[in-house]
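Peer 1: Shown below is the structure under consideration.
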Amino acid sequence: LVLVGGGHAHVAVLKSFGMKPMTGVRITLISDRPVTPYSGMLPGLIAGHYPPAAAHIELRPLCHFAQARFFRSTLTGLDLEQRLARCDNRPPVSFDLVSIDTGSTPATAGVPGADQHALAIKPVHRFMERWEQITEAAADRREGPLRIVVVGGGAGGVELILSVRQRLVHKEPGPVPRHPRTPDVEFHLISDAPVLLPTHNRRVQAIFTRIFRERAIHAHLGQRAVTVEADAVHCDSGRSVPYDALIWVTTAAAPPWIAESGLATDAAGFLLVNDCLRSCSHPFVLAAGDVAAVRNHPRPKSGVFAVRQGPPLALNLRRLLGGREPRPFTPQRQALSLISTGDQRAVASRGPLALEGAWLWRVKDWIDRRWMRQYRELPEMHPSGFFAQANSLASTHAP
Amino acid sequence: MRCGGCGAKAGGLMLRRILGQLRWVEREDVLIGLGAPDDAAVTLPPPGAAVVHTVDFFRAFIDDPYLFGRIGANHCLGDIYAMGAEPQIAMALAVIPFGPERRVEQDLTQLMLGATQTLAEAGAALAGGHTAEGAELGFGLSVTGLADPGRLLRKSGMQPGDHLILTKPLGTGALFAADMRRKARGAWIEAALESMLRSNAAAAACLRRHHATACTDVTGFGLLGHLGEMLKASSTDAELDLDRIPALEGALETIHQGILSSLHPQNLELAAALTHSGDGFHGDLVALLLDPQTAGGLLASVPSPHSERCLSELRQAGGPQAELIGKVRPLGGDSPRVHWTS
């Protein structure tokens with residue numbers, strides 16, 4: 001079994017195989033990073049409410065727990081005939097069964113200049129490196145306001161700009177004053193939708209519209225970003241928004257290798273899977289998280305759905321490895337969203353429900369920490385397998 | 001029951017399939033190698049060349065056979081560079097764990113792809129090898145190198161007043177012990193792997209250019225153990241500046257938690273002989289000096305007028321954590337001693 005990507009669903013698979021090992025199965029995780037960020041805690045990480053270690057899962061210890069091998073590589077493609085996973089920095093890795101959970105990155109490809117100038121929210125480690133530089137630039141700024149522009153008006157973009165503002169304007173976490181002066185940083189959000197958070201209910205939209213007004217964040221709605229230059233974003237309406245830092249949080253784009261491998265995809269190029277999370281074209285390929293598109297149950301690309309896919313993915317991998325039929329899984333239609341507002345408050349949104357308050361942030365924080373704890377505090381199991389005997393590291397040495 | 005003896009090795013067909021995937025350097029001084037395999041490899045060293053031999057072998061310390069192959073080969077080449085020689089050929093030995101043939105073949109392929117990559121980068125030809133089945137993955141190389149007999153770098157040339165230079169940071173033993181116990185951060189292991197993959201070739205050339213008087217590679221016995229060998233061979237004392245010992249990220253945190261490699265206790269005994277009571281083995285830093293290294297750096301003595309230039313060139317040549325860690329002192333007593341300053 002080869003797992004590609006250390007996403008939310010795969011950490012659940014690793015935990016499951018660690019708790020209940022399956023004899024005769026060798027697991028290998030291929031991941032381009034030794035740690036994986038938890039998307040639920042990303043706004044808090046950016047706002048400065050969490051230290052980086054609290055919002056990341058270390059994959060090597062989790063792999064050791066699962067008696068899985070950890071290969072630090074980036075997948076470049078799948079050879080479906082020979083069942084090989086091709087990697088950037090090593091010989092191909094062969095598999096009987098492969099599961100893909102590599103996530104997605106914001107779609108910058110369709111907008112000329114965006115690839116070059118915009119900072120994408122994913123991959124998160126690259127964003128966080130650049131983010132540290134932006135915070136330093138903001139602190140050193142002497143002339144004129146620093147202009148931060150976010151493209152994308154979904155929950156991701158809205159949470160991001162509020163978190164960014166929290167960190168830059170209010171150095172310490174805590175509630176935001178009602179009419180803050182923001183002398184040295186200007187905030188702009190560009191979205192092609194006519195409202196903020198277009199997939200949420202009107203009351204949620206109204207709450208965020210009010211918060212944007214209170215915090216002097218300019219929302220450029222109904223504006224599609226069409227080109228990006230080194231210092232300005234140009235919209236289809238003719239409007240130009242100048243920037244010092246540009247952050248891209250639009251809908252997800254699929255990596256090109258999926259279609260190149262010959263796997264069935266949806267219209268956007270994501271790996272098309274059936275209700276059992278198996279590829280519609282190649283039954284020995286499974287997928288979950290943003291990289292997958294469930295044919296019968298399309299859902300927004302969101303960490304919530306990836307987390308929910310973990311247990312059924314683990315179950316179906318086990319069943320397939322044991323020679324049994326996998327079980328179909330129907331994701332819930334609506335998920336409760338807890339959207340943070342950057343100031344350790346949050347808004348709950350589900351169907352027509354809209355609630356706002358500090359206590360909702362505490363609920364969100366509790367849920368997120370509980371989820372993380374599953375992967376950070378691993379029980380001691382009986383040692384066996386590769387590392388059981390491998391105590392001596394160094395060779396005895398003779399010249 | 002499985003066969004021992006000559007039966008316990010990878011099958012011929014499998015080996016042929018694996019060899020078919022490998023690429024190795026062709027050298028003119030290799031008369032008979034893997035290109036036209038015979039009972040044994042045959043080389044013809046250039047007239048006047050000194051022929052340098054070393055062998056090393058160890059159990060896997062990481063679960064990635066390809067990386068293990070690369071690092072293992074790099075480790076085995078370290079002795080050749082530490083002698084001031086250039087590697088010519090290598091013969092491989094591998095122990096492959098019992099298992100389904102397909103899995104064995106995959107592991108051996110990945111291992112050998114890693115090893116041959118490192119050998120190719122070093123310009124050395126893989127000239128032969130042998131496999132055996134065993135309880136766990138193991139790999140080693142016997143390496144032959146060529147050197148100018150007048151320019152060999154020995155352990156015995158240290159002169160009082162020379163500066164001691166270490167080309168790589170310490171801590172691989174502790175970090176991989178922590179990795180197994182699920183206590184190491186991924187970023188630490190990444191940095192350690194990067195350091196272990198770095199060849200000592202450029203560092204050795206740099207040390208030779210700057211008139212190094214003695215050199216060894218820091219491996220299983222830790223910095224102190226290998227320094228002790230040099231002091232004994234050179235009949236000198238040494239003074240180490242504890243503030244300047246380079247450590248891999250996370251190594252000191254790991255040692256501070258009490259996580260040490262299992263070879264460590266032996267190294268402590270070895271090193272205790274180097275110090276007088278009262279000098280005190282205190283502090284986590286001293287534990288770092290005893291930490292066994294896999295694919296560790298070179299430890300060399302360089303005449304003091306050359307040491308600063310040498311160090312800056314070492315850092316430019318891909319060893320950013322190279323450091324001047326102390327100096328050679330005249331023998332003070334009956335046997336060599338290490339003194340601390342900080």
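Peer 1: If I ask for residues that are more than 10 Å from chain B (Cβ to nearest Cβ) and in contact (Cβ under 8 Å) with a residue 24 or more places away in the chain, which ones from region A:59-87 would you list?
Peer 2: Within region A:59-87, the first condition is being more than 10 Å from chain B (Cβ to nearest Cβ), and the residues that meet it are A:66, A:74-86.
Those that are more than 10 Å from chain B (Cβ to nearest Cβ) and in contact (Cβ under 8 Å) with a residue 24 or more places away in the chain: A:ALA66, A:THR74, A:LEU75, A:THR76, A:GLY77, A:LEU78, A:ASP79, A:LEU80, A:ARG83, A:ALA85.
Peer 1: Then there is this: Within region B:132-141, does at least one residue satisfy the condition of being buried (at least 17 other Cβ atoms within 10 Å of the Cβ) and under 28 Å from B:ALA214 (Cα atoms)? Quick ask: steps written out before the conclusion?
Peer 2: Start the filter on region B:132-141 by keeping residues that are buried (at least 17 other Cβ atoms within 10 Å of the Cβ), which leaves B:133, B:137-141.
Remaining after also requiring under 28 Å from B:ALA214 (Cα atoms): B:140-141.
Checking region B:132-141: at least one residue is buried (at least 17 other Cβ atoms within 10 Å of the Cβ) and under 28 Å from B:ALA214 (Cα atoms).
Every residue, every condition in (1) out of contact with any Ser or Thr (no Cβ under 6 Å at 6 or more places or on another chain); (2) closer than 20 Å to A:VAL25 by Cβ; (3) surrounded by fewer than 14 Cβ atoms within 10 Å (Cβ to Cβ), yes or no:
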| site | (1), (2), (3) |
| --- | --- |
| A:CYS276 | yes, yes, no |
| A:ARG308 | yes, no, no |
| A:ALA314 | no, yes, no |
| A:ARG319 | yes, yes, no |
| A:PRO331 | yes, no, no |
| A:ALA335 | yes, no, no |
| A:LEU338 | yes, no, no |
| A:ALA348 | yes, no, no |
| A:LEU378 | yes, yes, no |
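Peer 1: Yes or no: region A:55-72 includes at least one residue that is polar (S, T, N, Q) and either modelled with pLDDT of 95 or more or more than 30 Å from A:ASP244 (Cα to Cα) (or both).
Peer 2: Initial filter on region A:55-72 (polar (S, T, N, Q)): A:67.
Add one more test, that the residue is either modelled with pLDDT of 95 or more or more than 30 Å from A:ASP244 (Cα to Cα) (or both), and what stays is A:67.
Yes, region A:55-72 contains at least one residue that is polar (S, T, N, Q) and either modelled with pLDDT of 95 or more or more than 30 Å from A:ASP244 (Cα to Cα) (or both).
Peer 1: Can I ask one more? In region B:57-73, which residues are at the interface with another protein chain (Cβ under 7 Å from one of its Cβ atoms) and modelled with pLDDT under 95? Walk me through it before giving the result.
Peer 2: Start the filter on region B:57-73 by keeping residues that are at the interface with another protein chain (Cβ under 7 Å from one of its Cβ atoms), which leaves B:57-61, B:63-64, B:66.
Result: B:PHE57, B:PHE58, B:ARG59, B:ALA60, B:PHE61, B:ASP63, B:ASP64.
Peer 1: Could you list all residues from region B:175-205 that are more than 16 Å from B:ALA122 (Cβ to Cβ) and more than 11 Å from every other protein chain (Cβ to nearest Cβ)? Quick ask: steps written out before the conclusion?
Peer 2: Let us first name the residues in region B:175-205 that are more than 16 Å from B:ALA122 (Cβ to Cβ), namely B:175-195.
Within region B:175-205, B:ALA192, B:SER195 qualify.
Peer 1: From the residues in region B:194-229 that are under 12 Å from the mean Cα position of the chain (by Cα) and β-branched (Val, Ile, Thr), which one is nearest to B:GLY69 (Cα to Cα)?
Peer 2: It comes out as B:THR219.
Peer 1: Next up: Tally the residues that are within 11 Å of another protein chain (Cβ to nearest Cβ) and closer than 24 Å to A:ALA85 by Cβ, restricting the search to region B:107-137.
Peer 2: Qualifying residue count for the region: 10.
Peer 1: Mind telling me which of the residues B:ASP38, B:ASP29 ends up being of a type outside the set (A, V, I, L, M) and free of Cβ contacts under 8 Å to residues at least 40 places away in the same chain? Step through it out loud before you land on a result.
Peer 2: On the way: B:ASP29 fails: free of Cβ contacts under 8 Å to residues at least 40 places away in the same chain.
After applying the criteria, what remains is B:ASP38.
Peer 1: Out of the residues in region A:1-49 that are polar (S, T, N, Q), within 14 Å of chain B (Cβ to nearest Cβ) and more than 13 Å from the chain's Cα centre (by Cα), state the one that is farthest from A:ALA306 (Cα to Cα). Spell out how you get there, then give the answer.
Peer 2: Within region A:1-49, the first condition is being polar (S, T, N, Q), and the residues that meet it are A:16, A:23, A:28, A:31, A:36, A:39.
Filter again for within 14 Å of chain B (Cβ to nearest Cβ), leaving A:23, A:28, A:31, A:36.
Among the residues that remain, those that are also more than 13 Å from the chain's Cα centre (by Cα) are: A:23, A:28, A:31.
Values: A:THR23: 27, A:THR28: 20, A:SER31: 17 Å.
Checking each candidate, the answer is A:THR23.
Peer 1: Taking the options B:VAL104, B:VAL51, name whichever one is surrounded by fewer than 24 Cβ atoms within 10 Å (Cβ to Cβ) and modelled with pLDDT of 95 or more. Spell out the reasoning first.
Peer 2: Values: B:VAL104 fails: modelled with pLDDT of 95 or more.
The match here is B:VAL51.
Peer 1: Here is a follow-up. For the list (1) under 28 Å from B:VAL55 (Cβ atoms); (2) in contact (Cβ under 8 Å) with a residue 24 or more places away in the chain, I need the number of the one condition that B:LYS327 fails.
Peer 2: (1)
Peer 1: Then there is this: What residue, of A:ARG345, A:ARG318, is out of contact with any helix residue (DSSP H, G or I) (no Cβ under 7 Å at 6 or more places or on another chain) and modelled with pLDDT of 90 or more?
Peer 2: Numbers: A:ARG345 fails: out of contact with any helix residue (DSSP H, G or I) (no Cβ under 7 Å at 6 or more places or on another chain).
None of the others qualify; the one that does is A:ARG318.
Peer 1: With the requirement that a residue be under 15 Å from the mean Cα position of the chain (by Cα) and of a type in the set (A, V, I, L, M, F, W, C), what does region A:120-134 give you?
Peer 2: Passing the criteria: A:ALA120, A:ILE121, A:VAL124, A:PHE127, A:MET128.
Peer 1: Restricting region B:150-175 to residues that are out of contact with any Ser or Thr (no Cβ under 6 Å at 6 or more places or on another chain) and modelled with pLDDT under 95, which is farthest from B:THR341 (Cα to Cα)?
Peer 2: Restricting to residues being out of contact with any Ser or Thr (no Cβ under 6 Å at 6 or more places or on another chain) and modelled with pLDDT under 95, the top hit is B:GLY150.
Peer 1: With the checklist (1) outside any strand (DSSP E or B); (2) within 14 Å of chain A (Cβ to nearest Cβ); (3) of a type outside the set (Ser, Thr, Tyr) in hand, flag the one item B:ILE96 doesn't pass.
Peer 2: Looking at each condition in turn, B:ILE96 falls short on (1).
Peer 1: For region A:104-123, state whether one or more residues are closer than 20 Å to A:ALA287 by Cβ, in contact with a helix residue (DSSP H, G or I) (Cβ under 7 Å, 6 or more places away or on another chain) and either buried (at least 21 other Cβ atoms within 10 Å of the Cβ) or within 14 Å of chain B (Cβ to nearest Cβ) (or both).
Peer 2: We begin by selecting, within region A:104-123, every residue closer than 20 Å to A:ALA287 by Cβ; these are A:104-107, A:122-123.
Then keep just the ones that are in contact with a helix residue (DSSP H, G or I) (Cβ under 7 Å, 6 or more places away or on another chain); that gives A:104.
Add one more test, that the residue is either buried (at least 21 other Cβ atoms within 10 Å of the Cβ) or within 14 Å of chain B (Cβ to nearest Cβ) (or both), and what stays is none.
No, the conditions are met nowhere in region A:104-123.
Peer 1: Right, another one. State all residues of region B:39-56 that are out of contact with any Asp or Glu (no Cβ under 6 Å at 6 or more places or on another chain), among the β-branched types (Val, Ile, Thr) and within 14 Å of chain A (Cβ to nearest Cβ); if no residue qualifies, say none.
Peer 2: Applying the first criterion (out of contact with any Asp or Glu (no Cβ under 6 Å at 6 or more places or on another chain)) to region B:39-56 yields B:39-42, B:45-53, B:55-56.
From the residues that got through so far, the ones that are among the β-branched types (Val, Ile, Thr) too are B:42, B:51-52, B:55.
Within region B:39-56, B:VAL52, B:VAL55 qualify.
Peer 1: Taking the options A:GLU325, A:GLU356, A:GLU380, name whichever one is over 27 Å from B:ARG182 (Cα atoms) and part of a loop (DSSP other than H, G, I, E, B).
Peer 2: Numbers: A:GLU356 fails: part of a loop (DSSP other than H, G, I, E, B); A:GLU380 fails: over 27 Å from B:ARG182 (Cα atoms).
On inspection, the qualifying residue turns out to be A:GLU325.
Peer 1: What number of residues within region A:241-287 satisfy the criterion of being within 18 Å of the chain's Cα centre (by Cα), farther than 29 Å from A:GLU325 by Cα and not in a loop (DSSP other than H, G, I, E, B)?
Peer 2: Matching residues across region A:241-287 total 4.
Peer 1: Testing A:LEU353 on (1) in contact (Cβ under 8 Å) with a residue 24 or more places away in the chain; (2) of a type in the set (A, V, I, L, M, F, W, C); (3) within 13 Å of A:GLY40 (Cα to Cα), one condition comes back false. Which one is that?
Peer 2: Of the numbered conditions (1) in contact (Cβ under 8 Å) with a residue 24 or more places away in the chain; (2) of a type in the set (A, V, I, L, M, F, W, C); (3) within 13 Å of A:GLY40 (Cα to Cα), the odd one out for A:LEU353 is (3).
Peer 1: Okay, moving on. Quick one: would you say B:GLY140 is within 14 Å of chain A (Cβ to nearest Cβ), outside any strand (DSSP E or B), within 23 Å of B:PHE61 (Cα to Cα) and in contact with a Leu (Cβ under 9 Å, 6 or more places away or on another chain)?
Peer 2: On the way: within 14 Å of chain A (Cβ to nearest Cβ): yes; outside any strand (DSSP E or B): no; within 23 Å of B:PHE61 (Cα to Cα): yes; in contact with a Leu (Cβ under 9 Å, 6 or more places away or on another chain): yes.
In short, no.
Peer 1: If you go through region A:270-293, how many residues are under 19 Å from A:LEU14 (Cβ atoms) and among the β-branched types (Val, Ile, Thr)?
Peer 2: Going residue by residue through region A:270-293, those that are under 19 Å from A:LEU14 (Cβ atoms) are A:277, A:285-292.
Keeping just the survivors that are among the β-branched types (Val, Ile, Thr) gives A:285, A:291.
Final tally of qualifying residues: 2.
Peer 1: Right, here's the next one. Need the failing condition index for B:TRP24 against (1) touching a Leu at 6+ places or on another chain (Cβ under 7 Å); (2) in a loop (DSSP other than H, G, I, E, B); (3) closer than 30 Å to B:ALA177 by Cβ, just the number.
Peer 2: B:TRP24 satisfies every listed condition except (3).
Peer 1: Taking the condition assigned to a helix (DSSP H, G or I), without any contact (Cβ under 8 Å) to a residue 40 or more places away in the chain and either out of contact with any His (no Cβ under 7 Å at 6 or more places or on another chain) or more than 30 Å from B:THR213 (Cβ to Cβ) (or both), does B:ARG102 pass?
Peer 2: Values: assigned to a helix (DSSP H, G or I): yes; without any contact (Cβ under 8 Å) to a residue 40 or more places away in the chain: yes; either out of contact with any His (no Cβ under 7 Å at 6 or more places or on another chain) or more than 30 Å from B:THR213 (Cβ to Cβ) (or both): yes.
Considered against the rule, which asks whether it is assigned to a helix (DSSP H, G or I), without any contact (Cβ under 8 Å) to a residue 40 or more places away in the chain and either out of contact with any His (no Cβ under 7 Å at 6 or more places or on another chain) or more than 30 Å from B:THR213 (Cβ to Cβ) (or both), B:ARG102 comes out as yes.
Peer 1: Could you grab the pairs with beta carbons closer than 6 Å, sequence gap of 6+ or different chains, first residue in region B:225-244 and surrounded by fewer than 16 Cβ atoms within 10 Å (Cβ to Cβ) and part of a helix (DSSP H, G or I), second one at pLDDT 95 or above and not acidic (Asp, Glu)?
Peer 2: Correct list of pairs: B:ARG244/B:ILE325.
The values are calculated or read from the model by the stated rules, or taken from the named source; none is laboratory data. Because the structure is predicted, anything quoted here is derived from the model rather than measured. Cβ sites come from the backbone with ideal geometry, for glycine too, and all protein chains shown count toward neighbours.
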